Amino acid sequence: MPKYAVHTIVMEKTAEKLSATGQSAKADLLVAHRDIAAVGAIGPDLFFWAPDYTISQTFLTLFDAWDSLVRIYNESIISDIVEAMESIKEAADNVLEATLGPSYELIRHLVGEFKETAELFEQTVKYGALAAAVGVDNLVANMSDLPSATHRIFDVFKPPLQDGKSEKDWYWFDMLHYRYAGDFAGNLLASAVTPEQKTYAYAYMTHIATDLIGHGYVNQIVGGPYRTQVQRHVVMENFLDTWALAHYQGKDISRELVGYLNFPESLPGSVVDLLDTAFVNTYDGKAHPRILGGDGFLSKSQIEDTYRLFTRITKLLENKIEKPEEPFSDVLRILEEALEDFTAPPSPPNPWEGDCDFWDFLALGFTERSRECYRKAAEAIAEFFEYLGELLEWTFESIAKIFQFLLALPLAATVAVVLALLYAIQLSLYKILTTLRDFLALSGILYPSIGMVYTGHGRNLLIPCFCNACDSFPHTYYGGNCLECPGSELELPRTVPSWYVCASEGAADESQVRAMMETAITQFIETKPLNLGALEAYAGATSPQETRNLYTSLGGGGPVPPPTSLPGATGQQPGAAPNEIGSAVELANWMIANPDNPVALTNWNLDSDRGYAYKQWTGELPGTDIADEAYL
Ligand SMILES: [Zn+2]
Ligand SMILES: [Zn+2]
């Protein structure tokens, strides 16, 4: 679920940048050991699958259930039917003219078999492992429960910090993001001796840079940090990953993610040793997780197990749903004639008042109306899901009717009609599966298709315009569905997630919205110039209040970034925003080039979970007013 693609892309771009800025020895390591570098770029997120985080098993169950459903479809609905179609075609000399006559019994027998397969598939979709994993009785009939059922799943992942628990009850996954993240990276670097170890340590720094910069972007759109908006955070980052892999690599996440990431089969022993040493050197003697018992630390074999589970999960994230192929060239015309008497699908709901309709809701363009329609529709999302559930039910019913029709065909009917109808069944089941994938993507369970990214959903999840959360951040814990902007309650004192601006306040058509998406996302990934003055100032802040003061004092200081003594300052690019640090690639490049500079090893809060450039902090949670907020 996390943004593995974006982290790996930033790491690769950082390697390019390093090589272009006189750091080719380090760049060469990242390139030569690209597989280990990819694991390093995933950094602390690997430990989402660590044995202390037992709740992550929920996702394993979900991914497994989805994977087996796709497998049943690809095998019995695609491969088997195609094979049978071939034998039917062979039996008839000329598909378009041949009648059923001679092969009537064979065809009836095959159709009867497919009917059973399709019915089994329907039962599996409705009542199988996926429904059980989501927590509903019937996935199709209970579709309107999906937003709240999945919200409950994600709610369990709320970090213990949010419930005011102390570090001993935290997971290592949270610890590595919220406590001594910079020291941990520094310890990786300090103990790295072999080329593999150095590669891992440098790549790990790209994760820190990407989280620090990227979470500002994510949080601005989400309206709150991960700890208060887990599901919305994840759904947004999944959309981001799909977009980024398509944009930077021209790859389809549903079938090319694993090949692109190219993680090693197992984690090299030298990297396991390195992690083990860094854990102890960073956290021994400090308050740290104790869930695992004993000294609380992961053993080396537990680190290896974590990696094994992680690569297994990554393979499950990729799911190619085979699209059926036309059995012969004129199939659509034949199909149209054969399906003349079938009923039309149910029409979409219009639960929101006024002149919004279903298509406004999904449209990618940007008008005051589309924005308002989306907001209303997101509030009424259960109705949208219910409609889609009806559409799925209708599709299953239509398939049953097509089977009835097929089994009642007279001897004089043509083979072409049979093939066309079998194809229609395949197409309908394909549609069912891709629609299901889209629902699950809107709930943060699966990666969305690129088509889904280019809808109103993608627009509102990827461009920081919809919620305008930058004016009011962070929102407190929110129990609504993940497509809605969080409610109005704010954590105090208020902070700022980041300052990405919406390129257009006025109307924008589809191509303009696509361009806005590209501009905004590439800004945080690679195009925003580095501002070392801001970096130094944020790194040196001694209290949260000082960080908050920096937003305004730097922002109010005119277009000139503050002066700095940091190395590389002369190479600072013009145009840097005074109060922002710059892009993830620029920051990662500087950190790797200057690993001995203490600023490169700042203990940032990697979720920016109180606001932009916050460092590791402590304070009384939960609550609206954060009491005793302080940097550690
Ligand atoms: Zn992370
Ligand atoms: Zn995140």
Per the rule of 0.36 nm per residue minus the C-alpha distance, extending S19 to Y127 adds in nm 33.5 nm
Cα-based reach from K17 at 12 Å (exclusive), listing aspartates and glutamates while leaving out same-chain residues under 8 positions away
D28, E526, E586
Using the Kirkwood radius over C-alpha pairs as Rh, can you work out the diffusion coefficient of segment 1-87 via Stokes-Einstein at 25 °C, viscosity 0.890 mPa s, in µm² per second?
149
Between A408 and K300, what is the label-to-label distance in nm when each label sits 7 Å out along the Cα-to-Cβ direction?
7.1
For the S553, E326 Cβ pair and Förster radius 45 Å, calculated FRET efficiency rounded to 0.05 is 0.10
If Lys and Arg each add +1 and Asp and Glu each add -1, what is the summed charge of the other residues whose beta carbon sits under 14 Å from the beta carbon of T210?
-4
Phi angles of segment 132-148, converted by Karplus (6.51 cos²θ - 1.76 cosθ + 1.60, θ = phi - 60°) into ³J(HN,Hα) in whole Hz with x for Gly and Pro, give 4, 5, 6, x, 10, 6, 9, 4, 7, 5, 9, 4, 5, 7, 4, x, 7
At 7 Å along Cα-to-Cβ for each site, give me the label-to-label distance between S191 and A569 in nm.
3.5
Sorted by Cβ density within 10 Å, fewest first, the residues K158, K323, K165:
K323, K165, K158
Report the normalised scattering of segment 338-490 as log10 I(q)/I(0) at q = 0.10, 0.15, 0.20 Å⁻¹, calculated by the Debye formula with identical scatterers on the alpha carbons.
-0.49, -0.88, -1.28
Each residue of segment 198-206 in order: what ³J(HN,Hα) in whole Hz does its phi give by Karplus 6.51 cos²θ - 1.76 cosθ + 1.60, θ = phi - 60°, with x for Gly and Pro?
5, 4, 4, 5, 5, 5, 4, 5, 5
Note down the Stokes-Einstein diffusion coefficient of segment 333-373 in µm²/s, whole number, using a Kirkwood radius over alpha carbon pairs, 25 °C, and 0.890 mPa s.
192
List the aspartates and glutamates whose Cα lies under 12 Å from the Cα of K376, skipping any in the same chain that are fewer than 8 positions away.
E353, D355, D357, D360, E484
Could you work out Rg/(2.2 N^0.38 Å) for segment 562-632, with Rg from alpha carbons only?
1.35
Which pairs in the list K168/K615; K198/K615; K401/K431 are over 23 Å apart, alpha-carbon to alpha-carbon?
K198/K615
From phi via Karplus (6.51, -1.76, 1.60), per-residue ³J(HN,Hα) for segment 187-194 in Hz, x at Gly/Pro:
5, 4, 4, 5, 9, 6, 10, 6
Binned at 10 Å from 0, what are the whole-percent values of the Cα-Cα distance distribution for segment 499-547, short to long?
21, 33, 26, 17, 3
Distant-in-sequence amide H partners of E629 (H built 1.01 Å from N, under 5 Å):
E620
Once the other residues with Cβ under 14 Å from the Cβ of L110 are scored (Lys, Arg +1; Asp, Glu -1), what is the net sum?
-4
Which of the GluC sites (Glu not before Pro) found in segment 455-529 are loop residues per DSSP with 16 or fewer other Cβ atoms within 10 Å of their Cβ?
E489, E505
Which length gain, in nm to one decimal place, applies between E489 and D509 when the Cα-Cα distance is subtracted from 0.36 nm times their residue separation?
3.9 nm
Spin-label model distance (nm) - E90 vs L106, 7 Å beyond Cα toward Cβ:
0.8
Just to confirm a number: summing +1 for Lys and Arg and -1 for Asp and Glu over residues other than Q249 whose beta-carbon lies under 15 angstrom from that of Q249, what do you get?
-3
If you take the Cα atoms of the chain, find Rg, then find the Kirkwood Rh from the mean of 1/r over all pairs, what is Rg/Rh?
1.02
Quick one, what does Rg over Rh come out to for segment 511-623 if you take C-alpha atoms and the Kirkwood Rh?
0.99
Largest first and rounded to whole Å, the semi-axes √(5λ) derived from the alpha carbon gyration tensor of segment 49-99 read 45, 7, 5
Charged-residue dipole, Cβ positions (Lys, Arg, Asp, Glu), the chain about Cα centre, Debye nearest 20
1700
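Values in this text are rule-based calculations from the coordinates and carry no lab data. These numbers were taken from a predicted model, which means no experiment stands behind them. All Cβ positions, glycine included, derive from the backbone under ideal geometry; neighbour counts span all protein chains shown.
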